[in-house]
Amino acid sequence: LPVVNLIQDTSLCDGQNITLNAGSGTLYLWNTGETTQTITVTQTGTYSVIVDGGNGTRCNASDSVNLLFVPQPVVDLGNDTCAETAFIIDAGNPGMYYLWSTGATTQTINVNTSDIYSVTVNPLPGNNQCDVSDSKNVQIIPKPVINLKDTTICKHQHLTINGAAQPGNGYTYSWSPLGLTTPTVTITDQQPGDHQITVSVTGCTTVTDMMLLKVEPCDLTIPN
């Protein structure tokens with residue numbers, strides 16, 4: 001009597017295949033119509049085989065197995081992005097298994113810091129051939145706050161101006177007509193008159209502000 005022991009019922013991913021082996025025997029008859037000892041399976045279904053231990057005898061044995069091929073997930077976190085506030089990233093594919101670079105195992109995560117976030121999605125735990133991954137570079141930069149005020153100084157004085165209330169948050173600066181790109185600028189030796197100073201601060205968006213700088217030819221008192 002032949003011993004027929006196909007694998008246990010199992011699940012695989014689309015694109016994979018599995019070979020079923022009916023073991024030793026003389027004649028084989030699969031429900032697919034094949035008559036070989038082994039068959040290669042790529043589709044969902046119930047597969048059964050009858051094995052004859054000797055040609056023309058009644059020493060037959062059989063077994064069957066249920067195979068399920070599931071679609072691989074499609075994971076698209078979207079393009080790299082810049083945001084002014086925290087937001088949610090969704091890996092899609094409800095009901096599957098997730099592992100984020102943050103250690104989270106949920107379908108969605110709340111993003112509130114700048115980083116590269118990645119996720120691996122799998123429809124079948126333990127079968128890493130089904131893994132599909134994607135990543136997203138996120139920059140969280142709050143909207144810049146600028147508060148330039150019109151100011152009057154004497155010609156011989158200097159004035160330091162801060163371009164944004166939150167320095168060091170990944171902003172870029174553009175001062176006009178000074179041509180500087182630093183967060184703060186110091187103005188010295190301006191000619192008397194009215195001068196318009198403009199700063200543009202860029203994070204995820206660009207905010208522009210301006211001030212009127214009045215320079216007066218004040219008297220200079222020099223001690224003896």
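The values are calculated or read from the model by the stated rules, or taken from the named source; none is laboratory data. Note that the coordinates shown come from a computational prediction; the quantities given were computed from them, not determined experimentally. As a convention, Cβ positions derive from the backbone with ideal geometry for all residues, glycine included, and neighbour counts pool all protein chains shown. Keep in mind that these areas ignore ligands, DNA and RNA; they rest on the heavy atoms of the full protein, side chains included. Shrake-Rupley method; radii C 1.70, N 1.55, O 1.52, S 1.80 Å.
Couple of notes before you dig in:
- Flag set for ILE89, criterion: of a type in the set (A, V, I, L, M, F, W, C) and in a strand (DSSP E or B).
- Checking ASN93 against (1) under 18 Å from SER11 (Cβ atoms); (2) of a type in the set (S, T, N, Q); (3) surrounded by fewer than 14 Cβ atoms within 10 Å (Cβ to Cβ), the condition it does not meet: (3)
- The set of residues in the range 207-224 that are assigned to a strand (DSSP E or B) and hydroxyl-bearing (Ser, Thr, Tyr) contains only THR208.
- The residues listed here are GLY15, GLY53; of these, the one that is under 27 Å from the mean Cα position of the chain (by Cα) and open to solvent by 30 Å² or more (accessible area, probe 1.4 Å) is GLY15.
- Only one entry of THR182, THR160 meets the criterion of being within 30 Å of CYS218 (Cα to Cα), touching a Phe, Trp or Tyr at 6+ places or on another chain (Cβ under 7 Å) and surrounded by fewer than 12 Cβ atoms within 10 Å (Cβ to Cβ), and that entry is THR182.
- Residue identified as outside any loop (DSSP other than H, G, I, E, B) and in contact with an Asp or Glu (Cβ under 7 Å, 6 or more places away or on another chain) among LYS136, LYS143: LYS136
- If you filter the range 191-206 down to residues that are of a type in the set (A, V, I, L, M, F, W, C) and assigned to a strand (DSSP E or B), you find that the one that is nearest to ALA83 (Cα to Cα) is VAL201.
- Residue ID - nearest to ASP9 (Cα to Cα), chosen from residues in the range 44-75 that are in a loop (DSSP other than H, G, I, E, B) and touching a strand residue (DSSP E or B) at 6+ places or on another chain (Cβ under 6 Å): THR44
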